[in-house]
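Note sheet for the following structure.
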Amino acid sequence: MTRLSTTTAARGALLAVAALLAAGPAQAAPHAADTGDYLYLTVTRGDGTSGNAGTSGDAGTHNALLLCDPPQGFARAAEACAELETVGGDIGRLAPVKDAVCPMVYAPVTAQARGQWNGRPVEYRVTYSNACVLAARTGPVFTLD
């Protein structure tokens, strides 16, 4: 009897997701490429290094493809698109949430974004001290389902 390892299962899941993304949103992809407003978002528990971040199959990793015309990808996509529009897609320029109070607990989360906004490439990766700080600094952008 052959037993699949977690790594093998995760690789298979990644290949399946990649195939679905390549085949599934065929109608949305050309429009997204025209406007340039799409981001592949990832939030991973840990600092994003191989030692303390899981694979994409872990409960500690959440992914979404954010499309903004029309907004889709996760529950708060419309809010995320509106916020990103105000800063020209530059996540680092997002205004922090006013009056946010976060605990001083170190439970790092790494937020990553790759894609295009108005035809310009977007690359973003920051590790925050905890999920509260992430939400306070990036608003709805990384509030993935």
**Extended-chain gain in nm, criterion 0.36 nm per residue less alpha-carbon gap, Asn63 and Glu85** = 5.8 nm
**Prompt:** Mind ordering 83-94, 134-145 by average Cβ neighbours within 10 Å, highest first?
**Reply:** 134-145, 83-94
**Complete:** Expected unfolding gain across Ala75-Met104 under the 0.36 nm per residue rule, minus the alpha-carbon gap, is 7.6 nm
**Extension gain from Arg93 to Arg114, taking 0.36 nm per residue of separation minus the Cα-Cα distance** = 6.0 nm
**Prompt:** Could you give the semi-axes, largest first, of the ellipsoid that matches segment 77-145, computed as the square roots of 5 times the alpha carbon gyration tensor eigenvalues and rounded to whole Å?
**Reply:** 22, 13, 10
**Prompt:** Can you run phi through the Karplus equation (6.51, -1.76, 1.60; θ = phi - 60°) for segment 90-101 and list ³J(HN,Hα) in whole Hz, with x for Gly and Pro?
**Reply:** 8, 4, x, 9, 4, 6, x, 5, 5, 6, 6, 10
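Here, each number is a calculation from the coordinates, and none is a lab measurement. The structure presented is a predicted model; accordingly, all values stated were derived computationally and were not measured. A quick note on method: Cβ atoms are made from the backbone with ideal geometry, for glycine too, and the neighbour counts reach across all protein chains shown.
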